[in-house]
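This report concerns only the one structure given below.
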Amino acid sequence: MRNIAYSFIKFNDEVIDSKIMMELTDLTRLLLKQEKTTVMVRKFSYFNPVDNVFNLSFFWKHRQDISELEGFRYDILTRYPSIFIFDYALYSKMKEESRFTQQIFLSLEYNRTRKYALQERPLIVHMIGPGDTIMMREYEKPSKSDAEKFLKGFNVAILKSEDSFYFMDEYFNIITHSTAESIKLAIEMTDYLSRYISVSSKFQIHDMPFSEIESAIRKDDLRKDAQKLESKSNEDQQDEMRQIDTKTDRDAGQANMIGETGDNASHKNDHGKQNDYNDDVDDYHEGFGTNTGDNHFMDSYSANHNAVLNIVQPKINLTNYTDYKSLYDIYHSTARKIILEIMQILDYKINSIQDNRSSGRLMKNPVGPMITGSHKVFTKKNTESREIDAAFTLIIDQSFSMMENLEGCRNGAIIINNVLKTLEIPHRIISHHEDTFEVMKNHYPNTIYEHMDFERSKYYYPVSLLNIEASGDNRDGMILRHEMELLNRRNEKNKFIIMFSDGLPSAEEYNQSGIIDTHEAVQEAAKNGIGVINIFINQDNEENTLEAIKNIYDTNVVIVDDAEDIVYVLPQLMQRLLTQMLL
């Protein structure tokens with residue numbers, strides 16, 4: 001299990017210890033042999049094969065007789081074999097059945113998964129014992145109807161590992177060996193009981209999204225009943241291919257950003273070119289515009305199963321240039337200081353003399369090597385290149401909570417663009433949000449605004465940053481993976497992502513899983529040699545939030561109390577990073 005500091009996940013006015021959630025996620029993925037399974041807390045516990053989500057029951061919250069960790073672990077240990085032994089393709093047959101029949105069916109299936117779990121791992125009997133006792137006490141409480149009484153007694157018999165259940169002078173078999181048998185037996189039980197009791201009860205013990213499974217069958221081959229748990233559990237899940245269809249940017253020869261200096265001034269736009277973008281002419285001449293192509297990124301991780309990412313190049317007007325030029329001039333001296341210091345280091349490395357070489361010019365004083373009998377009496381100038389082998393991506397969270405902080409982030413990005421552009425270091429500047437007003441069931445649209453991309457970073461300025469506005473939520477893990485994928489395609493030795501944020505990741509169906517998903521994205525980046533650094537604006541945050549941020553970014557967090565401080569802190573960070581690369 002991970003060794004993680006204490007923090008919280010907050011949702012629906014409840015607080016979940018994120019340390020517990022991360023440990024439970026590790027346990028679930030280990031048992032399911034699924035690297036991308038998400039763990040969430042819901043009213044009922046069940047594994048959702050459509051979204052690859054393992055739901056834990058809210059029943060274990062606020063209890064005095066068992067800890068949350070033990071309760072949630074109980075759900076995992078008694079239900080994890082479901083992914084291997086259930087024939088989910090048959091579950092759609094239960095969609096039109098009554099709630100009572102569905103509950104009998106799910107009880108029979110739960111009995112199967114418990115038995116498989118105990119068969120494969122007999123030692124868990126001691127770990128689930130306290131949970132069984134609590135559940136039996138719950139089921140033995142007075143019932144409001146005969147149907148509820150039957151379902152409760154049925155599940156008590158399951159917890160006692162009995163083969164049958166006695167009800168109304170009749171023994172009911174509760175052992176099945178396949179999903180098909182469970183369906184058949186559930187329908188037979190309902191038909192028999194309906195002659196003697198009302199089976200219209202809405203009482204519920206188990207849950208399963210039958211409708212979602214039915215729709216998923218058309219897209220995916222859900223697992224069949226396993227003859228042997230072990231043989232099925234060894235199946236590996238392969239990553240889905242992430243599709244990105246991005247229009248190729250106009251090359252440097254077409255760049256025409258007003259105010260370009262030095263060599264960049266010669267790279268002017270060919271006005272005879274056709275406008276490939278749906279923009280005003282002035283927008284096109286400036287090199288920015290809305291990309292009208294289908295440009296979608298799907299994150300295969302279950303936490304982002306229903307999230308879609310659209311890539312947009314925001315429009316700007318020529319009138320923005322005056323404001324941008326003013327900001328550029330204000331922070332030019334700050335950027336210039338960093339540039340000069342880095343250039344001095346480069347000059348030193350390029351012009352430094354290497355003594356004791358076997359070839360080159362004769363040393364002025366070769367006495368030392370001659371005394372020792374060495375033939376290395378020559379000197380040679382260093383031949384290192386002036387190019388800095390690095391690439392950077394700056395990510396700005398533009399969710400609603402960042403409304404008062406975007407100006408400070410924008411100003412910091414302007415400084416860094418100045419530094420990296422002058423040093424000819426390729427970089428990318430984006431902002432992002434999830435559009436909460438467009439969220440629909442199973443469709444969570446997210447947008448990345450490309451203020452600067454790698455190819456244009458040598459010739460353009462990110463003028464569109466002046467139009468950035470706060471909106472929606474922030475799905476940080478998915479954004480990180482998208483940007484990490486772009487960096488992975490590049491050949492630079494040193495790669496960094498700098499993220500600006502003011503709180504925890506939060507989006508549709510992402511409050512519980514967002515912390516874990518973002519933390520894992522940071523870990524994936526590290527494995528790929530990409531350093532992720534968070535510039536965290538710590539305004540009005542609880543101590544637990546700050547601890548969670550430190551957990552996510554593994555202490556690679558620069559904390560500022562006000563967004564205005566970014567223009568002082570960020571240049572220091574960049575100078576340190578660039579210096580470390582060169583020395």
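The values are calculated or read from the model by the stated rules, or taken from the named source; none is laboratory data. All of these numbers come straight from a predicted model, not from anything done at the bench. Virtual Cβ from ideal backbone geometry, glycine too; neighbours counted across all protein chains shown. Please note that ligands, DNA and RNA were not included when accessible areas were found on the heavy atoms of the full protein model with its side chains. Shrake-Rupley method; radii C 1.70, N 1.55, O 1.52, S 1.80 Å.
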For Ser506, list long-range residues whose amide hydrogen, built 1.01 Å from N in the peptide plane, is under 5 Å from its own amide hydrogen. Asn474, Asp476
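How much of the accessible area of region 145-203, in percent, comes from carbon and sulfur atoms when a 1.4 Å probe is used?
Values: 1530 of 3040 Å².
Its accessible area is 50 percent carbon and sulfur atoms.
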The answer for region 512-567, accessible area per residue at 1.4 Å probe in Å², is 39
Restricting attention to region 386-444, which trypsin sites (Lys or Arg not before Pro) occupy a DSSP loop and are surrounded by at most 10 other Cβ atoms within 10 Å? Lys441
Filter the GluC sites (Glu not before Pro) in region 42-105 down to the DSSP loop ones having no more than 15 other Cβ atoms within 10 Å, then list what survives. Glu96
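What do you get for trypsin sites (Lys or Arg not before Pro) in region 148-194 restricted to DSSP loop and a cutoff of at most 11 other Cβ within 10 Å of the site's Cβ?
Lys160
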His427 long-range amide H proximity, modeled H, under 5 Å: Phe392, Ser457
Which cross-chain or sequence-distant (5 or more) residues have an amide H under 5 Å from the amide H of Ile396, H modelled 1.01 Å from N in plane? Ile430, Ser431, His432, Phe500
Need one word for region 76-133: rounded, prolate or oblate. Basis is the Cα gyration tensor (sqrt eigenvalues a ≥ b ≥ c); a/c below 1.5 gives rounded, then a/b vs b/c decides. oblate
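Where a ≥ b ≥ c are the square roots of the eigenvalues of the C-alpha gyration tensor, would you call region 523-583 rounded, which needs a/c under 1.5, or, failing that, prolate if a/b is larger than b/c, or oblate? Before the final figure, lay out each step's value.
Working: a/c = 3.34, a/b = 1.23, b/c = 2.71.
Taking the square roots of the gyration eigenvalues as a ≥ b ≥ c, region 523-583 is oblate.
Relative contact order (percent) for region 79-215, with alpha-carbon contacts under 8 angstrom and 6 or more residues of separation?
On the way: 137 pairs, mean separation 58.2, N = 137.
Relative CO of region 79-215 lands at 42 percent.
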